[in-house]
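The values are calculated or read from the model by the stated rules, or taken from the named source; none is laboratory data. Note that the structure is a prediction, hence the values are computed from the model and not measured. Neighbour counts run over all protein chains shown; Cβ positions are idealised from the backbone, glycine included. Keep in mind that these areas ignore ligands, DNA and RNA; they rest on the heavy atoms of the full protein, side chains included. Shrake-Rupley method; radii C 1.70, N 1.55, O 1.52, S 1.80 Å.
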Amino acid sequence: MSVETMVKTYLNYIDGEWVSASTNEVEPSINPAKKYEIVGYVQKSSKKDLDKAVAAAKKAKQQWRKLSGPARGEYLFKIANAMERRIDEIAETMTREMGKTFPEAKGETARGIAILRYYAGEGMRKVGDVIPSTDSEGLMFTTRVPLGVVGVITPWNFPVAIPIWKMAPALVFGNTVVFKPAQETAVTAAKVVECMDEAGLPSGVVNMVTGSGSVIGQGIVDHPDINGITFTGSNQVGKQIGQGALARGAKYQLEMGGKNPVIVLEDADLDLAVDATISGGLRSTGQKCTATSRVFVQSTVYDQFKENLLAKVKQIKVGDSMDPETWMGPLASEKQLQTVLSYIRKGIEEGATLLYGGRRLEERELKNGFFVEPTVFENVSPKMTIAQEEIFGPVLALIKVDTLEEALILANDVQYGLSASIFTKDIGSMLSFINEIEAGLVRINAESAGVELQAPFGGMKQSSSHSREQGQAAIEFFTAIKTVFVKA
Ligand SMILES: NC(=O)c1ccc[n+]([C@@H]2O[C@H](COP(=O)([O-])OP(=O)(O)OC[C@H]3O[C@@H](n4cnc5c(N)ncnc54)[C@H](O)[C@@H]3O)[C@@H](O)[C@H]2O)c1
Ligand SMILES: O=CCCC(=O)C(=O)O
């Protein structure tokens, strides 16, 4: 059964107009909690639509870069205000489209608004330095210029925060944007862009084209008039994007997966560590790049930690994310469900012990959605697939260790390096962890997830192209430095 009456069709946004794709094809965006419910129809665009969007962004860039930083910042304040007026509607759309609980979706939308305001303020900050020249009569200084047209390619798991943490700095530093959201959350993306339109952003400054990654995403990578590409998503796609961008000399930035460890030492506050492991690993149904995946627990407190963790995991209420009683919603798509179930099967086949969960939930209404139980494994050895690969689902692997040194070696023994936590009261252990863990986000006595918009964010190793997003770090990607020498 599909509910097709009164379902709105969302259009592309090109040169300040809402337009259909040239293909005349649309795709349904469905609710992962009730797969028969269509949240909206979104455009299945072609390269021709992308070309129009790029041409609009290219035309708009001269006027936009001529505005002062504070004037561009004013537009961001207006977008933030428009989003604030529509916060509940946007959050509800996000919940219905990708399944995170309504409070989480509302928190993310509020975060998007705060990011806009932060970067609005950045429009007033300095963009260069005066550097002493060897010529006593010369003046040497740096200034920054925008890249031009920036392609923004984003995933479905943070459908408001991630597009905004890319588009807000792109805009305030004088770039124009071609935005390709994940098709799974294109309705939520359209609502964010509606707020930009409501704010009166000049035509062509932001353009949105929805469609498949292989056509629109790849089209952005290959387009000669796109000067920079900022991508967040999987490693597989990120590597392709990096290679494509490098081949034609475009600037690029990739933020990708994680396999994030938590270390629990014997002196830890165990209640805190248990709560943080559950929150960091299972909120958003484990679909955060920063989600806790591997939990290294010192052998002296292992049994106690396991008992306390399981007692709490068993209480987790799984269900429709709009239900205020629900703590954990569905996975975002059928594909995501199948991937997570296949990792769980692999864990069992490779000899890990399934302590709790592991099943798809199909009782009553749940059968219409992509629900899986929160899942906990133990006896996970370091080379098992579930200890190495990003699962992106509510699956925790408990691993017993004797010492911090052993935990650090095992924690670092993966290709990823995004975020990591430790629970301990010992300052020496904290310092060893800070120095030796291979992760871009290092958290002490706090869960592995939780990114603050004013601080740099990005990974080490294969989690990133080694650049950083957010905070003042964003200026490094979205501008180019010019060194100027002046002599009268
Ligand atoms: N490090 C971070 O900041 C961060 C944040 C959120 C998510 N992620 C990662 O994102 C992944 C989950 O998101 P996903 O499933 O949407 O990722 P994905 O790589 O499948 O898709 C991301 C985006 O790339 C597009 N795309 C797909 N193929 C493409 C191609 N050939 N060329 C250009 N674009 C293409 C998609 O349509 C989508 O818009 C996880 O690995 C997660 O860890 C990382
Ligand atoms: O999915 C990646 C972003 C994670 C994040 O924003 C957070 O942990 O708060």
Subset of segment 206-220 (residues that are in a loop (DSSP other than H, G, I, E, B) and either free of Cβ contacts under 8 Å to residues at least 60 places away in the same chain or surrounded by fewer than 24 Cβ atoms within 10 Å (Cβ to Cβ) (or both)): Ser212
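Looking at segment 3-23, is at least one residue aliphatic (A, V, I, L, M) and on the phi > 0 side of the Ramachandran plot? Steps first, please.
Initial filter on segment 3-23 (aliphatic (A, V, I, L, M)): 3, 6-7, 11, 14, 19, 21.
So of that shortlist, the ones also on the phi > 0 side of the Ramachandran plot come out as 6.
For segment 3-23, residues aliphatic (A, V, I, L, M) and on the phi > 0 side of the Ramachandran plot: present.
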Residue in segment 313-331 that is within 16 Å of ligand 1 (Cβ to nearest atom) and outside any strand (DSSP E or B) present: yes
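Just the residues that are in a helix (DSSP H, G or I) and near ligand 1 (Cβ under 10 Å from one of its atoms), please, taken from segment 167-185. Don't jump to the end; show me each part of the working.
Of all residues in segment 167-185, those in a helix (DSSP H, G or I) come to 167-172, 183-185.
Listed by number, the residues that qualify are Gln183, Glu184, Thr185.
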Matching residues in segment 439-480 - criterion: being more than 23 Å from Leu282 (Cβ to Cβ) and in contact with a Lys or Arg (Cβ under 6 Å, 6 or more places away or on another chain): Pro456, Gly458, Thr479
Where a residue in segment 403-420 is free of Cβ contacts under 8 Å to residues at least 40 places away in the same chain and its partner, wherever it lies, is open to solvent by 10 Å² or more (accessible area, probe 1.4 Å) and away from ligand 2 (no atom under 16 Å from the Cβ), with Cβ under 6 Å and at least six apart: Asn412/Glu438; Asp413/Pro382
Per-region count, segment 102-122, residues buried (at least 24 other Cβ atoms within 10 Å of the Cβ) and over 13 Å from Val160 (Cβ atoms): 1
Listing of strands (runs of 3 or more DSSP E) fully contained in segment 222-274 that carry 3 or more residues being small (Gly, Ala, Ser): none
Residue ranges of helices (runs of 4 or more DSSP H) in segment 393-488 with at least 2 members farther than 27 Å from Asp303 by Cα: 474-478
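From Val193, Val152, which residue is under 30 Å from Ala291 (Cβ atoms) and either in a strand (DSSP E or B) or of a type in the set (Ser, Thr, Tyr) (or both)?
Among Val193, Val152, only Val152 is under 30 Å from Ala291 (Cβ atoms) and either in a strand (DSSP E or B) or of a type in the set (Ser, Thr, Tyr) (or both).
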Residue within segment 62-79 that is surrounded by fewer than 19 Cβ atoms within 10 Å (Cβ to Cβ) and under 22 Å from Thr210 (Cα atoms) present: no
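If the requirement is being within 16 Å of ligand 2 (Cβ to nearest atom) and either in contact (Cβ under 8 Å) with a residue 60 or more places away in the chain or in the same structural domain as Ile241 (by TED's automatic domain parsing) (or both), which of these qualifies: Ala446, Ala480?
Numbers: Ala480 fails: within 16 Å of ligand 2 (Cβ to nearest atom).
Every option except Ala446 fails the conditions.
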